[in-house]
Amino acid sequence: MTDGPKLRLGTRRSPLAMAQAEETRARLCAAHGWPESAVELVPVIASGDRMQDRPLAEIGGKALWTRELDAWLIENQIDAAVHSLKDVETHRPPELFIAAVLPRADKRDVLIGAASIAALPQGAVVGTSAPRRAAQLLHARPDCQVITFRGNVATRLAKLAAGEVQATFLAAAGLQRLGETGTGHPLEADDWLPAPAQAAIGVECRTDDARTRELLAAIDDAPSRAEVMAERALLGALGATCHSPVAVLCDLDGQELSMRAALYSTNGAELVTGEARFAAGDEESPAHLAADLLARATPAVTAHFSGSR
């Protein structure tokens with residue numbers, strides 16, 4: 001690849017995915033002193049982008065965001081793939097390796113359509129396709145009605161503006177990466193925990209591709225990797241899927257990680273919460289927290305987590 005690009009970087013075609021790929025390319029070029037042309041962006045239309053009419057959990061889950069890029073990677077059509085890590089399945093093919101986690105952005109959710117959860121009108125119709133957001137909302141406001149609401153950021157904002165719903169949720173990081181800062185009201189983590197790995201961009205390559213792994217290592221952010229991998233370890237131990245209403249936040253404090261997690265029943269009526277502190281890189285402690293949460297959870301909660309079986 002001496003005459004062509006030094007890296008072929010696969011990405012979904014959505015505006016947010018392209019913005020994340022652009023950020024990845026900029027960081028790679030800055031780290032290695034390359035011109036922009038050294039990293040070629042190779043877009044693909046993911047299955048999840050083509051099928052917008054049903055909840056993700058009904059049509060194949062998170063694999064709909066990764067399937068095409070996984071295939072391109074394994075077939076050597078691209079050297080690496082850029083993902084929103086919250087959309088990447090917990091258990092990945094052994095042929096693939098998360099070689100870089102970029103510095104994590106704002107981890108919070110943003111409520112759009114009202115100044116706070118408490119300020120939502122009585123009986124408000126709120127759009128979301130995330131079981132976590134639906135359960136958290138119904139826990140705080142059981143009077144609200146949740147309807148399925150999918151699409152990229154612009155599509156969801158347009159549906160909200162058209163009056164299809166009275167409010168919706170978006171990730172603060174996604175809004176920031178699209179230049180939509182100032183949109184909506186951030187929900188503080190003390191009251192509203194985000195999705196596992198929210199706000200983290202991950203770059204994956206073939207496990208046996210030592211050259212690409214070394215190039216990507218230059219943009220790997222160790223604190224962000226420690227947080228995200230701990231959150232993913234919790235998910236794995238819980239046996240969580242895209243149907244599982246789970247919220248978790250991990251913050252690095254010195255050499256220690258502080259983790260808070262909550263599991264919900266689908267209707268939000270029941271939940272179990274827990275906290276843990278442990279050293280960065282320790283994946284046993286998240287598993288212990290998962291076991292503790294499942295041991296204390298009701299059947300309405302554990303029904304959505306295979307780690308309890």
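The values are calculated or read from the model by the stated rules, or taken from the named source; none is laboratory data. The structure displayed is predicted, hence computed values, not measured ones. So basically every Cβ, Gly included, is an ideal-geometry build from the backbone, and we count neighbours across all protein chains shown.
Name the single residue that is farthest from the chain's Cα centre (by Cα) among those in segment 138-193 being on the phi > 0 side of the Ramachandran plot and free of Cβ contacts under 8 Å to residues at least 40 places away in the same chain. Once the filter is applied, the top-ranked residue is Gly163. Applying the set (1) within 22 Å of the chain's Cα centre (by Cα); (2) modelled with pLDDT of 90 or more; (3) more than 19 Å from Thr212 (Cα to Cα) to Val101 leaves exactly one unmet item: (3). Of all residues in segment 195-224, those satisfying the criterion of being small (Gly, Ala, Ser), within 23 Å of His91 (Cβ to Cβ) and not in a helix (DSSP H, G or I) are Ala195, Ala197, Ala199, Ala200, Gly202.
Residue by residue through segment 219-242, note down the ones that are within 14 Å of the chain's Cα centre (by Cα), under 28 Å from Asn267 (Cβ atoms) and in contact (Cβ under 8 Å) with a residue 60 or more places away in the chain. Residues satisfying the conditions are Arg232, Leu235, Ala240, Thr241, Cys242.
Would you mind stating whether Ile74 is touching a residue at least 24 places away in the same chain (Cβ under 8 Å), touching an Asp or Glu at 6+ places or on another chain (Cβ under 9 Å), surrounded by fewer than 23 Cβ atoms within 10 Å (Cβ to Cβ) and farther than 19 Å from Glu188 by Cβ?
Answer is yes for this residue.
With respect to being closer than 29 Å to Val246 by Cα and at pLDDT below 90, Leu85 falls outside the description.
Residue count for segment 132-169, restricted to those that are at pLDDT below 95 and either closer than 15 Å to Trp192 by Cα or among the aromatic types (Phe, Trp, Tyr) (or both): 1.
Which residues, counting only those in segment 253-268, are surrounded by fewer than 21 Cβ atoms within 10 Å (Cβ to Cβ), at pLDDT 95 or above and over 18 Å from Trp192 (Cβ atoms)? Correct list: Glu256 only. Figure legend. Inter-residue proximity from segment 270-295: first residues touching a residue at least 12 places away in the same chain (Cβ under 8 Å) and over 14 Å from Gly239 (Cα atoms), second residues of a type in the set (D, E, K, R) and assigned to a helix (DSSP H, G or I), beta-carbon distance below 7 Å, spacing 6+ or different chains. Indicated pairs: Val272/Arg296; Gly274/Asp292. One residue stands out among those in segment 1-40 that are β-branched (Val, Ile, Thr) and buried (at least 17 other Cβ atoms within 10 Å of the Cβ): the one that is farthest from Thr155 (Cα to Cα), which is Val39.
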